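Undergrad: What follows is a single structure, and I will ask about it in a moment.
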Amino acid sequence: MRLSDIMSHAGLSTYAEVALVIFMIAFLLIAVGVFAPSRKREFDEASRMPLDDVHPQSPRQSRGDAS
Amino acid sequence: MNPQLESFRYDDAIVRKFLWATFIWGLIGMTVGLLIALQLAVPALNLDIPWLSFGRLRPLHTNAVIFAFAGNAFFTGAYYSSQRLLKTRMFSDALSAVHFWGWQLIIVLAALTLPLGFTQAKEYAELEWPIDILIAVVWVVFAINFFGTLAKRRERHLYVALWFYIASIVTVAILHIFNNLSVPAGPLKSYSIYAGVQDAFMQWWYGHNAVAFFLTTPFLGLMYYFLPKAADKPIFSYRLSILHFWTIVFLYIWAGPHHLHYTALPEWASTLGMIFSVMLWMPSWGGMINGLLTLRGAWRKVVEDPILKFYVVAITAYGMSTFEGPMLSVRSVNALAHYTDWIIAHVHTGALGWNGFLAFGMIYWLAPRLFQTKLHSQKMAELHFWLATFGIILYVTAIYSAGLTQGLMWRAYDATGRLEYPAFIETVMRLMPMYWLRVAGGSLYLTGMVLFGYNLFRTWKSRPAAYEEPVIQAAPLAGDYEELTAPRPAGALARFAQAAWHRTWERLPVTFTVMVAVAVIVASLFEIIPTFLIKSNVPTIASVKPYTPLELAGRDLYIREGCFNCHSQMIRPLRYETDRYGEYSKPGEFVYDHPFLWGSRRIGPDLAREGGKYPDLWHVRHMRHPKDIEAKSIMPGYPWMLTNQLDFDGIQRKVDAMVMLGVPYGDAVTDAPAMARAQAQAIAQSIASQGGPADLSDKEIVAMVAYLQRLGRDVSAPAAASAAGAP
């Protein structure tokens, strides 16, 4: 009995669809997280990161006491 | 202010090195491209010199522009932007140097071995096993250097460009290692551990993701950094860029099988590849729109600034080729386009437009900053832009029409129900005007490249005596950092919506990298495991036997000369294919094919059922000088095969490697050279008796003839008559 015999009988052919569902759920979770209104300020800050070569934009202080 | 400020300098010397490497290899890779374009229009330019023939130079062109030009461009931008986005110097100057020189060494080795005929015969993975190991080592060096830099950063948040770099580094390593697994059969010869359908599946899982994670994600990272720099404003939507990132990582990895529609690959796999490819429309266009909208309100600057012009065309080309890619992945469109020049036009929209123009824009922006002077000539950059733009337009329109023309001619039937163009050569000759237009377009693009180099050189000449290296001061990241956010909201949904989990990922490079790797690996396994382990996907055919030792040697010559660059060995189950070439190809026919040689382009006709179509002497004359058989043929001659001695004793090593891979070789396990000699004698006699040259029995050509005459015959042979043992 070889590994391929075991796998052949394990009925794995639906796994692609299972993965599709898992990935869809992961995508929805990320989309919800990314568009959470509470993160607007953080993202605005992050988007300015390339423009300053010298000063860290999101340094050690949290956003609460950085400003 | 903070008393604990640390001082450091950015390492720009390494960026300057990568910048020059980008230009030099780009010039060489594109020059080889122009040469092979000319060879298709004027076959005499193959010059009957082995290392200058099309089949050996075409992989050199693709490898040079992908891994040398685009690769070095990515490293240039990554080394420049990572240091600045992380507010730190690279982790180790020594590793940077090893990465730089190691990569250039790999390219030099590629430029030497490919024209000499050392190849694994898998597209964009042609390099033989010692070089593959070197690539893996250098890539790991780069990874250590990059992740080390992440670890000592002084920014909490990782900017999205860095995510794209991380995904590229992780995925390229996985792809490279798994597609190149092989059993060596000599210092520069190896056989893929996968056979036939499975090898094809791995190859296009790799091949498509090489496009995704070597030419797309790294360059998207560069776009997200250098476009805001040049436009002097942040990216249009940072949120969209995050979504762009995750969708690309989730979807791209599945898309590979769309390269294998209507082949012997199980249909469910290519359908899966097609669906994911179509879904890729969304993130790709989201990314394009994000890039273009960044320039909103800055269009006046686009008029004046050649750098922004390069970016606009690059992003537009990204949008066009990522629109076209999913369209080509739809099975019915693919039936027309596959094996034609359409695919060549598609990749050149991407490579010349997206990768080339993004690299040019980036380097024009970098050069004055790195050489600390003004760009020598703004006007020359402008001229470069227009020459290259017209070059692309000329190239792709010509080659699109070539692809459509040939695709339509292959499937055309006349009123009596017969193929309208049964002679393949007719469909080749019709392309000649388009091939000349491609030469013209390529020349324009290359002329732009020369101007680019001159402009860079003059800029470099006016550099200061010593480069300034400004000292940067920034505070280190504190280890005791704690997440201080708004008070923890009540209710699971509200807490979830606050998305602290995603924020935490973004700040932890290791966790983040693991997440990316998991996404990529899970997708790959879900797609690959069924193909490999479910037997019903590759039904066996009892009459299919291993190649004889001589045929195996001939197959290696077929690989050495790069025949698979122009000839497919895969007849699709479509009426116009079976009418032209014969019975369609079945998965079980390829179980001993290490590596598979299905090919991806028909510059010449398919060879899957070539065996027995013509007498042995026909093949000898055709290989020596194809025009003797077909006056209009654009195939190069291979006269050296009639004079080169065949290495009979080396055949045993080939057979041994095949046996290690599980190919049932029977007597040949101990007696391969003698068996090969016997078969060679018989073929040489048949050639002589047909009126051909005598005493060819120890020349390479007999092995080649043996292989070509074997192609595609097993499936119709009665199961009892073993071809393997035949003399």
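The values are calculated or read from the model by the stated rules, or taken from the named source; none is laboratory data. Treat the numbers as computed from the prediction; the structure is a model and nothing was measured. Please note: Cβ atoms are built from the backbone with ideal geometry, for glycine as well, and neighbour counts cover all protein chains shown.
Undergrad: For the stretch B:161-177, state whether one or more residues are crowded, with 20+ Cβ neighbours inside 10 Å, in contact (Cβ under 8 Å) with a residue 40 or more places away in the chain, touching an Asp or Glu at 6+ places or on another chain (Cβ under 9 Å) and closer than 30 Å to A:SER47 by Cβ.
TA: yes
Undergrad: Now, a different point. Looking at B:TYR467, B:TYR454, B:TYR445, which is the one that is part of a loop (DSSP other than H, G, I, E, B) and either more than 14 Å from chain A (Cβ to nearest Cβ) or at positive phi (or both)?
TA: Of B:TYR467, B:TYR454, B:TYR445, the one residue that is part of a loop (DSSP other than H, G, I, E, B) and either more than 14 Å from chain A (Cβ to nearest Cβ) or at positive phi (or both) is B:TYR467.
Undergrad: Let me ask another. What's the number of the condition B:ARG154 fails, among (1) buried (at least 24 other Cβ atoms within 10 Å of the Cβ); (2) over 18 Å from the mean Cα position of the chain (by Cα)?
TA: Answer for B:ARG154: the failing condition is (1).
Undergrad: Among the listed residues B:ALA21, B:ALA78, B:ALA64, identify the single one that is assigned by TED's automatic domain parsing to the domain that holds B:GLY350, under 20 Å from the mean Cα position of the chain (by Cα) and surrounded by 23 or more Cβ atoms within 10 Å (Cβ to Cβ).
TA: Only one candidate qualifies: B:ALA64.
Undergrad: Using the structure shown, decide if B:MET279 is assigned by TED's automatic domain parsing to the domain that holds B:TYR445 and touching a residue at least 12 places away in the same chain (Cβ under 8 Å).
TA: Judged against the criteria, B:MET279 is a match.
Undergrad: Please specify each residue of the stretch B:211-244 satisfying the condition of being hydrophobic (A, V, I, L, M, F, W, C) and either closer than 12 Å to B:MET362 by Cβ or within 11 Å of chain A (Cβ to nearest Cβ) (or both).
TA: The answer is B:PHE219, B:LEU222, B:MET223, B:PHE226, B:LEU227, B:ALA230, B:ALA231, B:ILE235, B:PHE236, B:LEU240, B:ILE242, B:LEU243.
Undergrad: Could you give every pair whose Cβ atoms fall below 7 Å, whose first residue belongs to the stretch B:558-574 and is at positive phi, and whose second residue is buried (at least 22 other Cβ atoms within 10 Å of the Cβ), counting only separations of at least 6 or pairs across chains?
TA: Listed pairs, sorted by first residue: B:GLY562/B:GLY55; B:GLY562/B:ARG56; B:GLY562/B:ARG58; B:GLY562/B:PRO59; B:GLY562/B:THR119.
Undergrad: Going by the structure shown, is B:ARG56 part of a helix (DSSP H, G or I), touching a Pro at 6+ places or on another chain (Cβ under 8 Å) and surrounded by fewer than 24 Cβ atoms within 10 Å (Cβ to Cβ)?
TA: No: the conditions fail for B:ARG56.
Condition check ((1) assigned to a loop (DSSP other than H, G, I, E, B); (2) acidic (Asp, Glu); (3) in contact (Cβ under 8 Å) with a residue 60 or more places away in the chain) across all residues:
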| position | (1), (2), (3) |
| --- | --- |
| B:SER633 | yes, no, yes |
| B:PRO636 | yes, no, yes |
| B:ARG653 | no, no, yes |
| B:ASP656 | no, yes, yes |
| B:VAL659 | no, no, no |
| B:GLY666 | yes, no, no |
| B:THR670 | no, no, no |
| B:ALA678 | no, no, no |
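Undergrad: When you go through B:GLY361, B:GLY356, B:GLY325, B:GLY350 one by one, which is the residue that is surrounded by 20 or more Cβ atoms within 10 Å (Cβ to Cβ), assigned to a helix (DSSP H, G or I) and out of contact with any Phe, Trp or Tyr (no Cβ under 8 Å at 6 or more places or on another chain)?
TA: Going through B:GLY361, B:GLY356, B:GLY325, B:GLY350 in turn, just one is surrounded by 20 or more Cβ atoms within 10 Å (Cβ to Cβ), assigned to a helix (DSSP H, G or I) and out of contact with any Phe, Trp or Tyr (no Cβ under 8 Å at 6 or more places or on another chain): B:GLY325.
Undergrad: Please give the number of the condition B:GLN685 fails out of (1) out of contact with any Pro (no Cβ under 9 Å at 6 or more places or on another chain); (2) at positive phi.
TA: (2)
Undergrad: Looking at (1) more than 19 Å from B:ALA68 (Cβ to Cβ); (2) modelled with pLDDT under 95, can you tell me which one B:ALA161 breaks?
TA: (2)
Undergrad: Restricting attention to helices (runs of 4 or more DSSP H) lying wholly within chain A, give those where 2 or more residues are at pLDDT 65 or above.
TA: A:3-9, A:15-34, A:40-47
Undergrad: A further question follows. Would you check which residues across the stretch B:130-144 are touching a residue at least 40 places away in the same chain (Cβ under 8 Å) and more than 17 Å from the chain's Cα centre (by Cα) and list them?
TA: Selection gives B:PRO130, B:VAL138, B:VAL141, B:PHE142, B:ILE144.
Undergrad: Okay, next question. Would you mind stating whether B:ALA694 is out of contact with any helix residue (DSSP H, G or I) (no Cβ under 8 Å at 6 or more places or on another chain), surrounded by fewer than 23 Cβ atoms within 10 Å (Cβ to Cβ) and of a type in the set (A, V, I, L, M)?
TA: Considered against the rule, which asks whether it is out of contact with any helix residue (DSSP H, G or I) (no Cβ under 8 Å at 6 or more places or on another chain), surrounded by fewer than 23 Cβ atoms within 10 Å (Cβ to Cβ) and of a type in the set (A, V, I, L, M), B:ALA694 comes out as no.
Undergrad: Return the total of residues in the stretch B:165-202 being within 14 Å of another protein chain (Cβ to nearest Cβ), touching a Ser or Thr at 6+ places or on another chain (Cβ under 6 Å) and within 18 Å of B:MET90 (Cβ to Cβ).
TA: The qualifying residues number 0.
Undergrad: With polar (S, T, N, Q), farther than 27 Å from B:LEU181 by Cβ and touching a helix residue (DSSP H, G or I) at 6+ places or on another chain (Cβ under 9 Å) as the only criterion, which of B:SER633, B:SER585, B:SER600 stands out?
TA: Matching residue, one of B:SER633, B:SER585, B:SER600: B:SER633.
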